[in-house]
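Working notes, structure below.
Rule-based calculations on the coordinates, nothing more; no lab input. This structure is a prediction, so every number in the text was calculated from the model and none was measured. Note: ideal-geometry Cβ built from the backbone for every residue, glycine included; neighbour counts use all protein chains shown.
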Amino acid sequence: MVRLATTLAICLVSALSASSAAASSLGSYKTRVVAVGDIACRPGAVVTATTCQQAATYSLAARLKPNHVLVLGDIQYDGGALADFQASYGLTWGKLKSKTFPVPGNHEYVTLGAAGYYDYFGSAAGSRTHGWHSATYGGWRVIGLNSNCASIGGCQTGSPQEKWLRSNLYNNRSKKCTLALWHHPRFSSGPHGDNTEMADLWQTLQDYDAEFVLAGHDHAYERFLPMNSDGTSGGSDAMPSWVVGGGGKSIYPIAHSRPSSTGYSLSFGVLKLDLYSKGYKWRYYRTSGGSTDSGTAYCR
């Protein structure tokens, strides 16, 4: 799992000092990842200060010069048709398509079988009947799961996806660091709230010492301190997680707060992750300028 080494950056001088000290113990630098979900409005939608900011988030992501891009579902509104992907998402975030590792959201499945999503991303999206897949970036294992459970045979223990996940983790257990991503967050303070359907997959990741989980669905930024699959906090097996849903479509308010939630930001933006051989650094960047949450953690 991880041991959190720094939390929300409050004082610039002390934050920079802590970050430099922590980075020196993270091992060798491996790769940079940018992550976000809930991105592109339908073609022709009016751009305002509070909606359809996919061009701004793309420009921000491109300036961060990522080696890899993790997109966390609801990539193309409103129904994920191929023509909409090509005419909206493709004109902005599509410029990073060759670096992109996607997972599908519920809006992709408005189109039967998420056909537009699979047609647009091709083999980068995994099998079109499953949607779960994995890769290795800089020695880190990256696992994309499909949280549209009803469309792929369930997410519970013993489901095809859970069996695949357990096998993948077992076969790659020599990898020191592992992250996972899907669309519907296990934990969220936004209007959609917690998704209990993902509890068993969360537990499987805990069983194999995964580091953290990324999700979208609620349109804001939120970081959770280490949580267990049953919703309790703390413990050696607990995992931190992020909701990164400020990709452009709109921003949602806080619906209910929980003690383990920290680093909340009602802003469009992207999460930057610098991955090292022994841990990682994170920072959330806002399109309006600056960053609101950053820190360092170690792999288990």
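Checking 201, 181, 214, 205 one by one, the residue that is of a type in the set (A, V, I, L, M, F, W, C) and touching a helix residue (DSSP H, G or I) at 6+ places or on another chain (Cβ under 7 Å) is 201 and no other.
Condition first: surrounded by 21 or more Cβ atoms within 10 Å (Cβ to Cβ) and either assigned to a loop (DSSP other than H, G, I, E, B) or touching a Pro at 6+ places or on another chain (Cβ under 7 Å) (or both). Now tell me which residues in region 149-161 satisfy that. Residues satisfying the conditions are 152, 155.
Applying the criterion of being part of a strand (DSSP E or B) and of a type in the set (A, V, I, L, M) to the residues of region 263-284, the residue that is farthest from the chain's Cα centre (by Cα) is 275. Would you mind stating whether residue 70 is surrounded by fewer than 24 Cβ atoms within 10 Å (Cβ to Cβ) and among the aliphatic types (A, V, I, L, M)? Answer is no for this residue. Being free of Cβ contacts under 8 Å to residues at least 40 places away in the same chain, more than 19 Å from residue 38 (Cβ to Cβ), polar (S, T, N, Q) and out of contact with any Cys (no Cβ under 6 Å at 6 or more places or on another chain), is that true of even one residue in region 188-202? Looking through region 188-202, at least one residue is free of Cβ contacts under 8 Å to residues at least 40 places away in the same chain, more than 19 Å from residue 38 (Cβ to Cβ), polar (S, T, N, Q) and out of contact with any Cys (no Cβ under 6 Å at 6 or more places or on another chain).
When the criteria are applied in full, residue 38 meets the requirement of being at positive phi, touching a Leu at 6+ places or on another chain (Cβ under 9 Å) and among the acidic types (Asp, Glu).
The set of residues in region 95-121 that are in a helix (DSSP H, G or I) and either buried (at least 18 other Cβ atoms within 10 Å of the Cβ) or of a type in the set (Asp, Glu) (or both) comprises 108, 109, 114, 116, 117, 118, 119, 120, 121.
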